[in-house]
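Just so it is clear, none of the values below were taken in a lab; they were calculated from the coordinates. Only a predicted model underlies this, so the values are computations on that prediction, with no experimental measurement involved. Glycine also receives a Cβ, built like all others from the backbone with ideal geometry; neighbour counts cover every protein chain displayed.
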């Protein structure tokens, strides 16, 4: 276990390397930080940190840089993340409140995260498997044609056309709408089939076929839309960090093009609290030179999806973690209000 002094030296090395992009030497550390020890003591501490694998020397004539292990300890020992300024918080709130629908919320969130962190932003759409029903609307388009509109608690809207086996009057349609909403509003999608299975039997014989058709369309919608979706933005930000990738940025870009990889990354993040995966902690080979910072978001106390950023391991972790957490909180508030 590292002593508090050596931990302070490691913190200083991480901060300087992230800020300057240059390997850090003992002289620079003693000049920039109030370590209250001599340069010789700092050199000894750096030698010990290197021996234990927390820092490394990229070139014989260079200073030291943090390793994945060093970044991990730095993140684990963070007392707090960097708070956003009042102006930043107001800008986030104003920008997200202008969204007109769920797609716009996700799109704005991606742009916001990429701008705030100057990293690649990834936002997962709210999962229908974790969503609840806010409302079901049934609209008559013709005597035997109905539009079904499903609205989730996260603001997601799905529309389907239903061709009925027989004409369905406005009174019967209103009755079905009322009974359907009374049974499933506020319920998880997974519970809907059980809750509506006996609903056709409560209608007259001439309407049961149409009721069954409407319910079949509703259940098919729940199944069809369970595929996970995400949006990515800010990939161009990686071009600023060319020197942070050992050989080439290409493997990172190729990994980011695979949505399955990104969904797996977000899926590995915890539903509650912040998840930070550094370097080789990322299983995908193309992302072993990156760090992933992710967190869950939702309209209540439970996460319905996740968002985060991908960038080089030489990352401003306190600032990035603070921005990701703040944006997730604001997105959750927007979803709850819509």
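Cα centroids of segment 39-89 and segment 154-227: how far apart, whole angstrom?
Answer, in whole Å: 58.
Can you order the peptides 33-44, 152-163 by their average number of other Cβ atoms within 10 Å per residue, highest first?
Ranked by mean Cβ neighbours within 10 Å, highest first: 152-163, 33-44.
Give me the percent of DSSP beta bridges within segment 129-224 that run antiparallel, rounded to the nearest 5.
Once the DSSP bridges in segment 129-224 are tallied, antiparallel ones form about 95 percent.
Divide the volume of the convex hull of the Cα atoms of segment 173-220 by its number of residues and quote the answer in cubic angstrom per residue.
In segment 173-220, the Cα convex hull volume per residue is 64 Å³.
Classify segment 129-224 as rounded, prolate or oblate, taking a ≥ b ≥ c as the square roots of the eigenvalues of its Cα gyration tensor: rounded when a/c is under 1.5, otherwise prolate if a/b is larger than b/c and oblate if not.
Prolate is the answer for segment 129-224, as a/c is 1.5 or above and a/b outweighs b/c.
Over 15 Å, how big is the tail of the calculated P(r) for segment 56-146, in percent of all Cα pairs?
Tail of the P(r) past 15 Å holds 79 percent of the pairs.
Ranking request for peptides 177-187, 112-122, 75-85, 8-18: highest mean number of other beta-carbon atoms within 10 Å first, then the rest in descending order. Don't skip to the answer; put the middle values down first.
Details: 177-187: 15.5, 112-122: 24.0, 75-85: 12.8, 8-18: 22.0.
The most tightly packed comes first, giving 112-122, 8-18, 177-187, 75-85.
Take segment 1-155, compute every pairwise Cα distance, and split them into 10 Å bins from 0; I just need the percent in each bin.
With a bin width of 10 Å, the distribution comes to 9, 25, 19, 17, 14, 8, 5, 3, 1.
Rounded if a/c is under 1.5, else prolate if a/b is larger than b/c, else oblate: which is segment 4-76, with a ≥ b ≥ c the root eigenvalues of its Cα gyration tensor?
rounded
What's the angle, to the nearest 10 degrees (0 to 90), between helix 4-20's Cα axis and the longest principal axis of the chain?
70
Can you give the direction-averaged projected area of the convex hull of the alpha-carbon atoms in the chain, in nm²?
20.4
Say each of residue 158 and residue 333 gets a label point 7 Å from the Cα, pointing the same way as Cα to Cβ; how far apart are those two points in nm?
In this crude label model, residue 158 to residue 333 measures out at 3.0 nm.
Angle, helix 102-117 long axis vs. longest principal axis of the chain, Cα atoms, 0 to 90°, nearest 10?
The answer is roughly 0 degrees.
Quote to one decimal, in nm, the extra length available between residue 179 and residue 145 on full extension: 0.36 nm per residue of separation minus the C-alpha distance between them. Walk me through the numbers on the way to the answer.
Numbers: separation 34, 0.36 × 34 = 12.24 nm, distance 1.92 nm.
Result: 10.3 nm gained on full extension.
What percent does the relative contact order of the chain come to when contacts are Cα pairs within less than 8 Å and at least six residues apart?
Computed value for the chain: 19 percent relative contact order.
Over all directions, average the projected area of the Cα convex hull of segment 217-298 and note it in nm².
So the mean shadow area of the Cα hull is 6.8 nm².
How long is segment 164-322 along each principal axis, judged by its Cα atoms, biggest number first, in Å?
Answer, in whole Å and largest first: 72, 30, 23 Å.
What FRET efficiency comes out for residue 248 versus residue 57 if R0 is 30 angstrom and r is the Cβ-Cβ distance? Round to the nearest 0.05. Before the final figure, lay out the partial values.
Working: r = 23 Å, r/R0 = 0.76.
About 0.85, to the nearest 0.05.
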